[in-house]
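See structure below.
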């Protein structure tokens, strides 16, 4: 499916270069059983963010000589436009059900492999036994306890048998093997765009995906979160590690002011004020207008439960 | 899957009202075997487009009293922003492989049914025999000749058996029937977000989809086109008919200046000029820099082949 | 500059109607000395947000019968797409320097009065004496103490004389009075697109501006904030009041979870935890990694300074 | 206003490099009397567009070995997403009235110099005498005949005197000279955000502006067009020349399929068909549904008038 052989030959440029990112170019990081993430190109670094911000503030920031402090200030105050000046272009291979979550982030550019033009390779996602779990009873969109070994084996057998069966039907409909050779010389296959409709959502596809750093951080906040489905989270975590090498100052600030931060509602703030004044405890949450769930989550953030 | 019962009770409003559109509100137009398109809400009409344009031009358009002429002028000159002032909100039920093409239009708002929260109903798309066709040999993304009755029956049996099989596995993994009742009281089902990965791309999903008229026309140009996959084109054609009732003047101009229009390249224009001057024929296309394909397509537009 | 006479005639519609918003249609709310904000159209209400969310969650939300609770849950968890289903279209008249801040919000549709097509009316913004203030010394983008009456009078005289002078030159260059009649029948005026380049940034312009509720809340968070320039804040506050009538449940949640909320950094959270455990006070902020400014701002949020 | 000294030191990179673009990095191309355009960074080249397209088409494009042919095919068929993979970041200095047209292109990232943080330098645009012209009588948004030398001198004197006067008032209000030194030690200046409201629309500002190649081509189609105001067209033409060095194959295709192309309406096509068949001439345009203006414009495209 990948035509290109990574070349890894360096060339001279007058552009800003992010040292830590150069080592990632054309390196394919494996994700899940058949997926990957690879950096194909990027633009900008920590310094180019600062350069854009300093142009805006003009003489007004002459005094601010500390790069790290200015960068943290920008992220803390959500002065987001300088972060749009950094771009990353990734080559990603992923199951279609993950792709369907991914494309909900509309502020990105993407090109996906077309199953109308070309045959889909016989590759589908099979979870590792450790990822199999029953439906969570308290989290409507999540997983609960894991399966025992026997149950897990049964589930995997079912998923794999069905997927293999679907690919067999696919080739039969196309009348073509994986390399496009006819299975039966005497008949024609049906159109690729029709034959693929029976393939499972676990089928792997691939795309080039490009996004600016501001929107990437938004993606990572949502998809590296524990509420995200595990199969997309593992992609987000791979990209987080790449981001740490690309823009290390921004990454540190991102952890401090966004990933590790908490939003306190008007009611949360009122309750914390009262708690600090010794006039209330978490048990009074109801009186301050918090729901039970809000009180529990505030307790978790404050390490009180 | 649809919680709501269309109420069809009218209420008074001071807003602009598009007479022809009111009859579409909450009317479910069937598409394919289990799909639909329904208008849930809209904003604006032909007159509100004109009102926005006239505010921009100020006293400069005092003279232009003819609504139709101004509207056609706007569309012809691609003064697109007044068309952004009209919005349509649709409820659409469609197969996942169609949805995957649909979401490539990023300038829309959408909310999709979540297979993490809820069980997917046992509904999948089966093409009508008339839609089955072999892979086109000259159009890499299209269909060629139709299948004969026997072949078609075989294909449909294969697609249906596989899809039914996938849904049986889905319920077995979930340990739940369509109404959520356990199949086996003594075991738990696996998480919905995992169980669905084996479902086929032909499975129906649904969404609320909202887009402004400018971006809708772009969507319709691409998806009501003969190069679009038939299964999305049939949705686009349903929406075209709704648009004709909503903004009749815009619709007429859209047909004249966009759907029925042709773009002539620099080389096309040069050749047509020479043809009109009696100095060339289509056979000279090569000399004017047109490729064979371009010459053939120009010939088709001009009714010469 | 406004061609239209508000008609205020109601018509029947099958669409969702927001009762509190109907009274705003075509009502011109004055802002600043010559500006205004008027609702021209809207789509959606609190219930239509819930309807979109419930379609996504499907059977998963059957249990949630309480509209207000679900709406607050959506806003608290930043499930933003259902809020995109509400749209507001405003007619706004505002000084150009305010417009220049306004257009930085790119996720909106706008049509502005064109000074290439039409003559700009002789209207410019003059601050009220109470708004005049010296440059703030600690806030690089803000105002400090007010001016005394005599200073204020001098400033206003200078601003007004210069603006009037610029408009006189404008008419002289155009060779036209406000109604477009030539000042001197024997000469032609220069092109409008050139004559306007000497007009001051305080000149009033006008636009149709349309935005969805999700992006409107983002606009209001930034522009109704005390760090925004007063002249745009006063527009944002007018729109806030309209929003309260349009989507009252969303407005209440917006105040609780966004306007009145505070974001606590990783370091803020760590310090508050220590304070609640009696192991630190705000004076220890430095030890937890907060800058002086961050410590002061945390103190303000918690009512400790 | 520009803090940075272009460094022009090359560094090694593994990224794609556009040879012809490297020579533009940090080179300031003068535009108008005080403006400029400079490339600060870029991403991608002709080959990276092809790489994205080939990934989408997969094995389907194995046969297409000719880069130029594939690139032209993409642009001709408006397969736009591969062009989004190229980005350009520019530093631009421009009059505010040009900036106000420029920001209407919302699909770009920008950071502008802030007149709230910093003092605006005393720089304003004065047209060259050759650019001065009377209002066009047939084109409501354009210029007609030029002015004679005496009239031109009068106009320029008026524009310059007024602009200088406005800057004198600005400094008086700020109580600061261009370098921020107080004019009168005994008083404070008013806030920068207020003092600037009397500056003319001809005042120069600056920005970092970043856009992908697909959206850049849209910008250039509109702004390098003869209907655009001359002062923005001259910026667009400077960027066109940069684009030619950056992506030469795309540039050639852009000229052939977009800049030099013409859109023929349904009626235009019908008339041309009849003309080629010897059954009509341009004089019959009315019979085919063309307006007088449309007939004239078609005649211009076809070299018949």
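The values are calculated or read from the model by the stated rules, or taken from the named source; none is laboratory data. Bear in mind that the values here come from a model prediction, so they are computed numbers and not experimental data. With ideal geometry, Cβ positions are generated from the backbone for all residues, glycine too; neighbour counts draw on all protein chains shown.
Side notes on the structure shown:
- Number of positions in region A:236-260 that are farther than 14 Å from residue A:220 by Cα and outside any helix (DSSP H, G or I): 1
- Options B:226, B:196; residue that is touching a helix residue (DSSP H, G or I) at 6+ places or on another chain (Cβ under 8 Å) and assigned to a loop (DSSP other than H, G, I, E, B): B:226
- Of all the residues in region C:157-172, those that are farther than 20 Å from residue D:170 by Cβ and more than 9 Å from chain D (Cβ to nearest Cβ) number 1.
Table: residues versus (1) in contact (Cβ under 8 Å) with a residue 24 or more places away in the chain; (2) in contact with a strand residue (DSSP E or B) (Cβ under 9 Å, 6 or more places away or on another chain).
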| position | (1), (2) |
| --- | --- |
| D:206 | yes, yes |
| D:226 | no, no |
| D:235 | yes, yes |
| D:250 | yes, no |
| D:255 | no, no |
| D:260 | no, no |
| D:264 | yes, yes |
| D:267 | yes, no |
| D:274 | no, no |
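- Residue check, residue A:220 farther than 30 Å from residue B:233 by Cβ, within 11 Å of another protein chain (Cβ to nearest Cβ) and in contact with a helix residue (DSSP H, G or I) (Cβ under 6 Å, 6 or more places away or on another chain): no
- Residue that is surrounded by the fewest Cβ atoms within 10 Å (Cβ to Cβ), among those in region C:77-92 that are over 20 Å from residue B:85 (Cβ atoms) and facing another protein chain (nearest Cβ under 7 Å): C:81
- Residues of region A:43-61 that turn out to be in contact with a helix residue (DSSP H, G or I) (Cβ under 7 Å, 6 or more places away or on another chain), at the interface with another protein chain (Cβ under 7 Å from one of its Cβ atoms) and touching a residue at least 40 places away in the same chain (Cβ under 8 Å), as a count: 1
- Candidates are the residues of region D:104-114 that are surrounded by fewer than 17 Cβ atoms within 10 Å (Cβ to Cβ) and free of Cβ contacts under 8 Å to residues at least 60 places away in the same chain; the one that is nearest to the other protein chains (Cβ to nearest Cβ) is D:106.
- Listing of helices (runs of 4 or more DSSP H) fully contained in region A:32-103 that carry 1 or more residues being within 23 Å of residue D:192 (Cβ to Cβ) and at pLDDT below 95: A:46-57, A:67-76
- From D:233, D:164, residue being surrounded by 14 or more Cβ atoms within 10 Å (Cβ to Cβ) and part of a helix (DSSP H, G or I): D:233
- Residues located in region B:135-145, provided they are crowded, with 19+ Cβ neighbours inside 10 Å and either in a helix (DSSP H, G or I) or without any contact (Cβ under 8 Å) to a residue 60 or more places away in the chain (or both): B:135
- Restricting C:30, C:95 to residues that are more than 25 Å from residue B:210 (Cβ to Cβ) and surrounded by fewer than 19 Cβ atoms within 10 Å (Cβ to Cβ) narrows the list to C:30.
- Scanning region C:82-117 for residues that are closer than 30 Å to residue B:119 by Cα and under 21 Å from the mean Cα position of the chain (by Cα) gives C:83, C:84, C:85, C:86.
- Just one of the listed residues (A:301, A:269, A:305) is touching a helix residue (DSSP H, G or I) at 6+ places or on another chain (Cβ under 7 Å), at pLDDT below 95 and farther than 30 Å from residue B:166 by Cα, and it is A:305.
- Any chance residue C:148 is farther than 27 Å from residue D:113 by Cβ, within 11 Å of chain D (Cβ to nearest Cβ) and loosely packed, with under 13 Cβ neighbours inside 10 Å: yes
- Residues that are more than 11 Å from chain C (Cβ to nearest Cβ) and either farther than 14 Å from residue D:33 by Cβ or more than 24 Å from the chain's Cα centre (by Cα) (or both), drawn from region D:123-145: D:138
- Residue D:117 falls short of the stated requirement of being free of Cβ contacts under 8 Å to residues at least 40 places away in the same chain and out of contact with any strand residue (DSSP E or B) (no Cβ under 7 Å at 6 or more places or on another chain).
- Candidates in region B:173-198 are the residues that are within 21 Å of residue A:199 (Cα to Cα) and more than 7 Å from chain A (Cβ to nearest Cβ); of these, the one that is surrounded by the most Cβ atoms within 10 Å (Cβ to Cβ) is B:195.
- Residue in region A:199-214 that is touching a helix residue (DSSP H, G or I) at 6+ places or on another chain (Cβ under 8 Å), in the same structural domain as residue A:117 (by TED's automatic domain parsing) and assigned to a helix (DSSP H, G or I) present: yes
- In region C:262-305, the residues that are more than 8 Å from chain A (Cβ to nearest Cβ), assigned to a helix (DSSP H, G or I) and more than 32 Å from the chain's Cα centre (by Cα): C:270, C:271, C:274, C:282, C:283, C:284, C:285, C:286, C:287, C:288
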